[in-house]
Structure formats: structure tokens, C-alpha cells
């Protein structure tokens with residue numbers, strides 16, 4: 001079967017599933033999933049064929065490029081619906097379709113009691129279509145359309161329980177904050193068009209690069225385009241200062257948090273910067289900004305995750321932090337490591353979110369970790385799989401995120417970004433700490449579950465636990481498969497050629513990783529800090545610590561003593577560094593005043609002028625009407641008087 | 001014939017003023033038409049007087065005076081016709097009553 005057809009089917013199946021479910025889903029009742037889920041399972045199977053072909057070299061040099069049809073034929077401005085399937089897209093296909101499929105299966109159980117389930121599955125299918133379109137798009141315009149479509153799906157699904165005001169507000173917040181970034185993104189696309197006159201990725205990057213080399217395009221223009229496009233990535237991937245929407249997005253159903261707000265859509269920004277690597281690598285300034293924003297978001301989000309009590313919010317801040325890692329990695333030129341981390345992260349975060357959904361389901365829709373605890377006996381499968389995910393997140397070898405995180409830190413160090421490495425190490429320690437704080441508060445320690453709910457807590461149904469187990473496998477083994485040997489694993493072989501040009505631009509020469517030299521020490525350092533963070537968390541929140549005679553009863557006092565030592569830091573973290581308050585002050589209060597003034601100006605000055613002219617004409621007409629008496633003698637008197645005045649004037653003028 | 005142009009001009013101005021006053025003050029349409037004739041004749045007198053006293057103007061003045069007379073005759077005809085038409089319609093010669101076209 002020709003590859004083009006398979007790739008087209010990848011897009012056609014989810015959108016068909018969306019259409020059918022939206023049309024007839026309501027009549028399917030509890031079986032609303034019968035169209036949507038099989039559609040995605042088949043999509044996954046096709047995607048695996050495509051991925052396999054890509055990695056075995058079946059798509060040829062540079063991947064498969066084909067045009068489905070001419071989308072916007074408008075003279076010189078012609079945009080085709082063209083697709084690019086290369087190894088980078090293939091890696092994304094693995095994450096998107098696998099996590100997507102498992103989330104669909106999981107949702108059968110999770111959404112079983114929700115009357116709006118047909119809507120849910122329809123939206124999920126639409127999201128899969130949009131995300132696959134985003135991954136496969138071969139030009140900026142198509143990518144932008146997909147970019148907005150995933151944003152729309154995100155909005156619809158965050159606000160899925162729209163009668164709940166907090167959900168409706170969170171959906172709006174996500175949508176609006178994303179718009180801020182998208183303005184920059186759109187401007188960036190305009191700039192690409194006006195600079196090189198094409199929106200095709202391959203052509204555009206080639207012409208930008210040639211233009212810079214030939215002196216036709218200034219360096220600042222390249223930097224400007226890169227930074228404008230990066231604005232979009234900052235919005236979609238929730239980086240500082242547009243990170244505020246992601247934690248609130250957890251108002252949506254948990255499968256949505258797993259699929260869209262952890263594993264796939266938020267990776268779109270990372271994917272885009274990686275896709276645009278030929279452009280970004282031309283501008284060291286833009287790369288620096290990417291790295292700085294990334295690592296700053298990483299430490300900021302990690303510091304907030306330390307004290308949050310909502311299980312999903314901890315995971316949301318953790319997602320922010322890990323996305324920050326990826327951007328830092330892209331910024332230091334470690335593209336392969338960034339995509340590697342994204343892949344590991346996609347599976348691990350998907351697993352953790354689905355696990356947290358299972359927990360929330362188990363304790364009857366309770367999300368506050370202060371009302372959990374001791375769940376590991378009641379929910380053994382959820383506990384085991386989440387433990388795998390948490391260990392991976394914490395960076396404990398040999399789990400997936402250990403390899404990817406280590407590669408990022410190692411590359412940052414080797415490429416001379418010592419500050420990125422230092423902050424990264426600190427973030428790694430914090431990550432281990434908050435992940436095991438989460439595990440401790442949820443699964444270990446004394447039970448704080450509502451006594452009314454306590455007897456009903458039990459493991460979730462099979463449709464929820466099976467996806468957890470299936471996700472735990474890549475979360476555990478992915479690193480071993482893709483990351484070994486260090487620096488030269490499968491992922492590097494797959495993606496290396498795509499980023500070779502960018503690395504040349506940056507003047508990097510890939511060196512062999514010396515496990516027995518500096519790099520080995522780096523790995524040891526990162527494992528050591530991760531273990532330390534993990535140990536502290538377990539001592540404060542975890543189970544009985546066998547080596548010291550501690551008892552878990554004393555834990556709350558220890559935590560209180562620790563927070564009392566740095567009350568300001570604790571409050572800063574707990575209040576999320578007051579970002580929501582800052583935005584409220586800047587945009588709601590001050591911005592509101594400005595908007596109010598502009599409204600007044602528009603009403604009083606602009607409208608006032610226009611209305612004033614109208615009123616003037618009207619009142620002039622009304623007043624002048626009086627002299628129109630219809631009596632011929634009045635007019636004649638006017639004529640006579642005017643004649644006298646004119647004659648008199650003439651006389652006076654000529655008399656002089 | 002007086003030797004002074006001024007006396008002719010003064011008489012002409014007097015006639016014109018009487019005509020103007022009549023046009024403005026009288027309410028009867030016929031009387032107003034007569035006032036117009038008076039004004040036209042005042043003007044004609046001025047023209048003829050200039051023609052008599054300024055030799056260079058003589059041919060022009062005669063021609064203009066004849067044209068004015070012709071126009072005056074035409075104007076009187078049309079004016080009277082209009083007045084009669086209105087009178088048949090409104091049953092009054094008073095122009096005060098003719099204010100319908102105001103609106």
C-alpha cells in the first residue's frame with residue numbers, strides 16, 4: 001500500500017470518528033465509544049506501520065513529502081496541504097498515537113457514568129486529528145491551523161464540565177493565554193512569508209539560511225522571526241510567562257489532562273522548535289532566550305510543585321518543569337535530547353496522570369492529597385504503575401526519564417552552558433522530592449480518606465488499569481531501548497541526521513560520551529541528587545523508614561517545622577509566586593483601567609465628534625427651516641435687504 | 001428736457017423705491033405685478049437716461065431698453081396667467097394665502 005494513502009488515513013480516521021460520533025453519538029448512550037475508540041486503535045496500528053517504515057529507511061532520504069491538494073490557491077500566495085513525514089514526525093507519531101489510544105481505552109471506564117460521554121469521545125477524536133495534523137504538517141499555514149485546532153480541542157475539553165464555573169473559567173483562561181502566544185506565532189509566520197515568500201518548511205528554512213549566508217537577510221531579522229515563532233511555542237507549551245493556564249487546565253477530565261495537557265499538545269511547542277531547528281540554530285540570541293526561558297520555567301514550576309496539595313496540580317507543575325527542561329535542551333542545541341525527553345516524558349506523564357485519575361476515581365472524585373494516604377493496599381495496580389512513573393520522573397536509573405534527563409544535563413554541560421546544568425541539577429533534586437511527596441501523601445502513611453468513602457475505595461476497572469500497565473512498560477524500558485549506549489542510542493541514530501545541519505550551524509561536533517570520564521561523574525551527580533531528593537521526601541511524607549527508627553506519626557510535625565523555618569519561601573511556593581495575583585493586577589486592574597479609559601475615549605471623543613457633526617446638521621436644519629415661510633414677500637424683503645447691504649458695501653468700498 | 005442726468009436718476013430711484021415698497025407691502029398679487037412693472041420701468045428710465053446723456057452708450061441703451069420692455073411684457077403675461085390660475089384654485093388674490101409650497 002502506498003505510504004501517502006496510509007498517512008492520509010492517519011488523518012482521515014480520527015476526523016471521520018469525530019464526525020460520526022458527533023452525529024450519532026448521543027443515540028449510542030453508554031456505548032458512545034464504539035466508533036471513536038476503534039478509529040483510534042486502527043490509527044495507532046497504521047501509525048506504527050508508518051513509523052516502522054520511517055525508521056527502517058523506507059521513506060527515503062529526508063523523509064516522505066507529498067501534497068494532498070492545493071489548499072489556498074491565490075496567485076502568488078499558494079498554500080498546499082502538504083505533509084512531511086520524517087523521523088522527527090515518526091517519533092511524535094509514536095507518542096501521540098500510543099498515548100492517545102491508551103487514553104481512549106482508559107476513558108471508556110473513566111467516563112462510563114458521565115452523560116456527556118459522546119461529546120467527550122467526539123472531542124477526543126477531533127483532538128487526535130488536530131494533533132496528527134500538527135505533527136504531519138509540511139508548511140507553516142497548515143501547522144498554524146492544526147495549532148489552533150488543538151487549542152480549540154483543549155478549550156472544549158477543559159471546559160467539558162461547563163456547568164462548573166471553575167471549569168468554564170479555566171477553559172477561557174487557557175484559550176486566552178494561548179491567544180497571546182499565537183499573536184506572536186502568526187506575526188512570525190507573516191514575517192517568514194514577507195522575508196522569503198514561501199511557507200513550506202523545507203524551502204523556507206533553506207532560503208532563510210541561504211539569505212543569511214548571502215547577506216540578503218540581516219541577522220536581527222532571523223532572530224526576530226525565531227523569537228516571534230517562539231512566542232507561539234511559549235504559549236502552547238505553557239512556558240514562563242504564559243505558564244499560568246496549564247495548572248488551571250486540570251479542571252478538565254483526567255484523561256484529557258493526561259493526553260492533551262501532559263503527553264501531546266503541550267509538547268507541540270517543543271516539537272515546533274525542534275522542527276524549526278535550521279532557523280533557530282542560525283540565531284545564537286534566540287537560542288539563548290529559549291534556553292533561559294526553559295530553565296527558568298523548570299525551576300519556577302518545580303518550586304511551586306513542592307507545596308501544592310491537589311494531586312493533578314502537582315503533576316501539572318511537574319509537566320511545566322519538564323517542558324522547561326526540554327526548551328533548555330533545545331536552547332543549548334541538544335535537540336535529540338529534547339525530543340528524547342519529550343518521548344520519555346509523554347509516556348511517563350501520561351501514565352502518572354492516568355494513575356492520578358484512577359486514584360481520584362477510587363476516592364470518589366477527591367483531588368486533595370491531604371484527604372488521601374495509605375492507598376497502596378487498596379489500589380495495588382495503580383500504586384505499582386505510578387511508582388514506576390514517579391521513579392522514572394525522579395531520574396532513577398534505569399527508567400526512561402533518567403536517560404533523557406541525563407542526556408539533557410550532559411549536553412548542557414558539554415556545550416558550555418554551566419548555568420543550565422547547575423539549575424538543571426537543582427530541578428532534578430526538586431523533581432525527585434515533589435514526586436515522592438506526591439507518592440507519600442497519596443499511597444503511603446496513615447489514611448486520611450473521608451471515613452464515609454473509606455470502605456468503598458477499591459481498584460479501578462480493567463479498562464483503566466490495563467492502559468496503566470501498558471504505559472508503565474515504555475515508562476520503564478524506553479530509556480534502555482532508545483538511550484543506550486549513552487549519547488549514541490537508537491534515538492540519536494534516528495534523529496541525528498535531522499539535526500545535523502543545525503549542529504553544524506552552532507559549530508558543535510558530536511563527541512563520543514565517556515562513561516568512565518567526565519560524563520560518568522555527571523551521571524553520578526544527577527543520580528545522587530535525585531536519590532537525595534527522593535530520600536528526603538520519603539522521610540517527610542513516606543512510609544516507615546527502616547534504617548532509622550522513625551515513625552510516620554511524627555511526619556506532620558517535621559513538615560510543619562520545615563515550613564516554619566522558611567515561611568516566606570513556603571508561602572511563595574504555595575501561592576505559586578503570586579503569578580495569578582500579578583496577572584490580576586497587571587491585566588485585570590491596570591489593564592481594566594486602561595481599557596475603561598479607551599472605552600470612555602471612544603464613547604466621548606470619537607463617538608462624540610461623529611454624533612456632534614450629525615447633531616449640528618440636524619439643529620441647523622431645524623433652525624433654518626423657520627425662515628422658509630413660503631411667503632414670497634418675505635423672500636423679496638430678503639432680496640431687497642441683501643441688495644441694500646451689497647450696494648451700501650460697494651459704495652463704502654469704492655468711496656475710499 | 002432737463003439738462004441734468006441726476007434728476008432723471010433721482011426720479012428713477014424714487015420710482016424703483018415705490019415699486020419695491022409696493023411689492024413688499026401689498027398683499028394683492030395683481031398689485032404686486034403692477035409694482036414689478038413699476039420697478040422695471042424705473043430701471044428702463046435709468047437706462048434711457050444714460051443713453052441720452054452719454055453718447056457712446058446710445059445704441060446699446062436703446063437696444064437694452066427695448067429688450068427690457070419685451071421681457072416686461074412677457075413677464076406680465078406669464079405672471080398674470082399664474083395669478084389667474086392660482087386665483088381659480090384658491091379663490092383669493094392675496095399672496096398670504098399662497099404659502100402651501102412651504103412644506
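Some notes on this structure:
- Residue check for residue A:507: at positive phi, modelled with pLDDT under 75 and surrounded by fewer than 20 Cβ atoms within 10 Å (Cβ to Cβ): yes
- Residue A:368 fulfils the conditions (1) in contact (Cβ under 8 Å) with a residue 60 or more places away in the chain; (2) more than 21 Å from the chain's Cα centre (by Cα); (3) closer than 16 Å to residue A:247 by Cβ except for a single criterion, (1).
- Check on residue A:2, more than 26 Å from the chain's Cα centre (by Cα), closer than 24 Å to residue A:498 by Cα and surrounded by fewer than 20 Cβ atoms within 10 Å (Cβ to Cβ): yes
- 3 or more residues loosely packed, with under 11 Cβ neighbours inside 10 Å: qualifying helices (runs of 4 or more DSSP H) within the range A:574-651: A:591-601, A:607-624
- Qualifying residues in the range A:164-186 (those that are surrounded by fewer than 17 Cβ atoms within 10 Å (Cβ to Cβ) and within 21 Å of residue A:137 (Cα to Cα)) - the one modelled with the lowest pLDDT: A:179
- Tally, over the range A:116-151, of residues that are outside any helix (DSSP H, G or I) and either within 18 Å of the chain's Cα centre (by Cα) or modelled with pLDDT of 90 or more (or both): 1
- Subset of the range B:13-29 [within 14 Å of chain A (Cβ to nearest Cβ), in a helix (DSSP H, G or I) and either touching a residue at least 40 places away in the same chain (Cβ under 8 Å) or touching a helix residue (DSSP H, G or I) at 6+ places or on another chain (Cβ under 7 Å) (or both)]: B:16, B:18, B:19, B:20, B:22, B:23, B:24, B:29
- Check on residue B:48, loosely packed, with under 14 Cβ neighbours inside 10 Å, outside any loop (DSSP other than H, G, I, E, B) and away from chain A (no Cβ under 14 Å): no
- Residue match in the range A:371-381 (condition: crowded, with 24+ Cβ neighbours inside 10 Å and part of a helix (DSSP H, G or I)): no
- When A:300, A:323, A:282 are checked against the criterion of being touching a residue at least 24 places away in the same chain (Cβ under 8 Å) and within 16 Å of residue A:409 (Cα to Cα), a single residue qualifies: A:323.
- Residue count, the range A:601-634 (criterion: under 22 Å from residue B:21 (Cβ atoms) and more than 10 Å from chain B (Cβ to nearest Cβ)): 1
- Those helices (runs of 4 or more DSSP H) of the range A:244-306 in which at least 2 residues are under 14 Å from the mean Cα position of the chain (by Cα), considering only elements entirely within it, cover A:245-248, A:254-258, A:268-275, A:284-305.
- Options A:8, A:67; residue that is in contact (Cβ under 8 Å) with a residue 12 or more places away in the chain, farther than 30 Å from residue A:254 by Cβ and surrounded by 15 or more Cβ atoms within 10 Å (Cβ to Cβ): A:8
- Residue-level check: of (1) within 17 Å of the chain's Cα centre (by Cα); (2) touching a residue at least 24 places away in the same chain (Cβ under 8 Å); (3) more than 12 Å from chain A (Cβ to nearest Cβ), residue B:33 misses just (3).
- Residue within the range B:81-95 that is within 14 Å of chain A (Cβ to nearest Cβ), touching a helix residue (DSSP H, G or I) at 6+ places or on another chain (Cβ under 9 Å), outside any helix (DSSP H, G or I) and within 14 Å of residue A:632 (Cα to Cα) present: yes
- Inclusion of residue A:654 among residues that are under 30 Å from residue B:36 (Cα atoms), away from chain B (no Cβ under 14 Å) and either part of a helix (DSSP H, G or I) or free of Cβ contacts under 8 Å to residues at least 40 places away in the same chain (or both) is warranted.
- Of the residues making up the range A:153-167, those that are in contact (Cβ under 8 Å) with a residue 24 or more places away in the chain and either in a helix (DSSP H, G or I) or under 28 Å from residue A:462 (Cβ atoms) (or both) are A:153, A:154, A:156, A:157, A:158, A:160, A:161, A:166, A:167.
The values are calculated or read from the model by the stated rules, or taken from the named source; none is laboratory data. Remember, predicted model here, so these are calculated numbers, not experimental data. Neighbour counts run over all protein chains shown; Cβ positions are idealised from the backbone, glycine included.
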